[in-house]
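The values are calculated or read from the model by the stated rules, or taken from the named source; none is laboratory data. The model shown is predicted, which means the values in this text are computed figures rather than measured ones. So basically every Cβ, Gly included, is an ideal-geometry build from the backbone, and we count neighbours across all protein chains shown.
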Amino acid sequence: MERIPILRMGEFLLVTIQVDMHDRLAMTLQDDLTNKIQQTGASGVLIDISSLEIVDSFIGRMVANISAMSKVLDAETVVVGMQPAVAITLVELGLSLPGVRTALDVEKGMQLLRGALGAHEEEAQYAACEG
Amino acid sequence: MSTKEKSRISDVIKRNEEGLLADWLQEQDSKVRHNIKEVVLREQCAEFLQLLNVAYETGLDIKRSEWDGVRKFLAEISRRRGEAGFSPSETATFVFSLKRPLFTLLRKEFGKDAVLLADETWNATLLLDGLGLYTTEVHQKTREEVIARQQQDMLELSTPVVNLADNILALPLIGTLDSSRTQVVMESLLQKIVESGSTVAIIDITGVPTVDTLVAQHLLKTVTAARLMGADCIISGIRPQIAQTIVHLGVDLGNVITKATLASAFKLALERNNLAIMRTASPVKHKNIEVA
């Protein structure tokens with residue numbers, strides 16, 4: 001069966017979607033990714049959808065769900081490289097994906113993740129000091 | 001109408017072509033103040049009479065293929081006059097002004113037979129009215145094409161996306177935002193974001209005369225789409241009246257960053273990119289302002 005690879009890069013997981021998403025593939029990705037986060041204890045997930053050219057409301061919702069789930073598992077999620085046409089479609093469908101972090105490309109996404117994690121660590125240290 | 005009568009009127013025209021042409025030209029001269037050269041007009045009229053005569057022999061239904069020549073010729077004339085700025089009535093007068101000379105001619109020829117004269121006059125009226133209306137139609141269509149083309153031009157001209165600094169884009173909007181324009185604006189902005197890899201886009205609405213709920217919704221859509229791609233949007237150039245309108249209408253601009261002026265939006269965008277504008281101690285040779 002077709003699967004979307006999930007690569008580990010240090011403390012981050014990198015998911016690049018290079019094929020057209022269909023519904024079952026999205027469900028499989030959801031399963032795989034949540035398992036992987038749990039196994040590796042990754043602190044950040046980067047989903048690259050720059051090759052994704054066709055979306056429907058279901059796939060849009062899956063992207064939102066996947067990032068929400070990662071957040072529940074304490075991993076920051078960034079969706080990167082959304083195509084203009086895809087962005088317009090999602091907005092027209094009424095899916096503005098609130099709460100999903102976005103970046104233009106993988107590099108900027110990585111920067112964002114590192115920044116977010118840095119802030120977290122500071123917060124944790126601060127909390128520890130206070131405690 | 002029998003074949004005999006049909007040929008009769010075209011016969012009359014054929015026999016008196018010279019006189020008719022002269023009368024017609026005079027008629028047009030008195031009716032329209034046109035700036036077409038006499039020679040050109042004469043040529044046009046002569047050609048029209050000839051075409052009319054040929055077509056006349058085949059019947060009066062101007063929609064038939066035998067009238068193609070006449071229709072094509074008239075379309076060409078109305079298009080040319082439409083583009084030259086003639087009014088519809090001035091254009092249609094080209095055909096309608098033929099009525100009087102033609103009727104005079106018919107009266108001279110068929111004056112003794114009242115029934116025939118009435119019939120022929122009626123036929124000629126029908127025909128010329130049809131052709132006249134046709135010129136008006138083409139004239140209008142030509143003007144509409146011009147308007148459509150201008151609208152398209154305006155659409156393309158009015159959505160420039162400019163690069164202000166590294167990773168900072170600006171989109172100065174001028175004029176009313178409707179759905180089709182928003183679509184173009186959104187597409188060109190998002191495309192430019194991808195091309196330049198910019199992280200901040202400033203949408204300046206100083207030139208937007210009014211903001212109602214629909215315009216606000218369009219703006220929000222654009223901002224959301226840009227955010228989905230990973231770029232932040234700042235809306236700037238909100239005039240006091242517009243701020244009041246937005247609040248009175250109850251429009252929720254949500255988490256969109258808004259600034260009063262383009263300058264303050266630009267400052268924020270620079271901060272986001274860890275850039276700053278500095279005043280230098282001594283004049284710099286090439287640039288007055290250094291972005292460091």
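So in segment B:235-258, with the set limited to residues that are over 36 Å from the mean Cα position of the chain (by Cα) and assigned to a loop (DSSP other than H, G, I, E, B), which one is modelled with the highest pLDDT? My answer is B:Val256.
Here is the figure for segment B:162-205: residues that are assigned to a strand (DSSP E or B) and among the charged types (D, E, K, R) total 1. Of the helices (runs of 4 or more DSSP H) that lie entirely inside segment B:34-113, those containing 1 or more residues that are farther than 24 Å from B:Arg8 by Cα span B:38-56, B:68-83, B:88-96.
Scanning segment A:77-115 for residues that are among the small types (Gly, Ala, Ser), part of a helix (DSSP H, G or I) and either touching a Phe, Trp or Tyr at 6+ places or on another chain (Cβ under 9 Å) or modelled with pLDDT under 90 (or both) yields one hit, A:Gly115.
Here is the figure for segment B:191-228: residues that are touching a strand residue (DSSP E or B) at 6+ places or on another chain (Cβ under 7 Å), among the hydrophobic types (A, V, I, L, M, F, W, C) and farther than 18 Å from B:Ile174 by Cα total 4. The set of residues in segment B:167-185 being touching a strand residue (DSSP E or B) at 6+ places or on another chain (Cβ under 9 Å) and among the small types (Gly, Ala, Ser) consists of B:Ala170, B:Gly175. Candidates in segment A:17-36 are the residues that are buried (at least 19 other Cβ atoms within 10 Å of the Cβ) and within 22 Å of A:Lys108 (Cβ to Cβ); of these, the one that is modelled with the highest pLDDT is A:Leu33. Looking at A:Ile37, A:Ile54, A:Ile59, A:Ile66, just one residue is part of a helix (DSSP H, G or I), farther than 18 Å from A:Gly99 by Cα and not polar (S, T, N, Q), and that residue is A:Ile37. Could you please give the count of residues in segment A:100-131 that are within 16 Å of the chain's Cα centre (by Cα) and farther than 21 Å from A:Leu14 by Cβ? So the count comes out to 0.
All of (1) surrounded by 20 or more Cβ atoms within 10 Å (Cβ to Cβ); (2) under 9 Å from the mean Cα position of the chain (by Cα); (3) within 14 Å of another protein chain (Cβ to nearest Cβ) hold for A:Ile49 with one exception: (2).
Remark: pairs (first residue in segment A:87-106, more than 7 Å from every other protein chain (Cβ to nearest Cβ) and within 19 Å of A:Lys71 (Cβ to Cβ); second residue in a helix (DSSP H, G or I) and polar (S, T, N, Q); Cβ separation under 9 Å; 6+ apart in sequence or on different chains) = A:Leu95/A:Ser57; A:Leu95/A:Thr89; A:Gly99/A:Ser67; A:Val100/A:Ser67; A:Arg101/A:Ser67.
Entry remark, segment B:173-199: residues being at the interface with chain A (Cβ under 9 Å from one of its Cβ atoms), under 12 Å from B:Val161 (Cα atoms) and not β-branched (Val, Ile, Thr) number 6 in total. The test for being more than 30 Å from B:Val200 (Cβ to Cβ) and either more than 21 Å from the chain's Cα centre (by Cα) or at pLDDT 85 or above (or both) holds for B:Leu128.
Restricting segment B:108-125 to residues that are under 46 Å from the mean Cα position of the chain (by Cα) and charged (D, E, K, R), the residue that is nearest to B:Ile13 (Cα to Cα) is B:Glu120. Please verify whether B:Ile193 is at pLDDT 90 or above, under 19 Å from A:Leu112 (Cβ atoms) and under 36 Å from the mean Cα position of the chain (by Cα), treating the condition exactly as stated. When the stated conditions are applied, B:Ile193 passes them.
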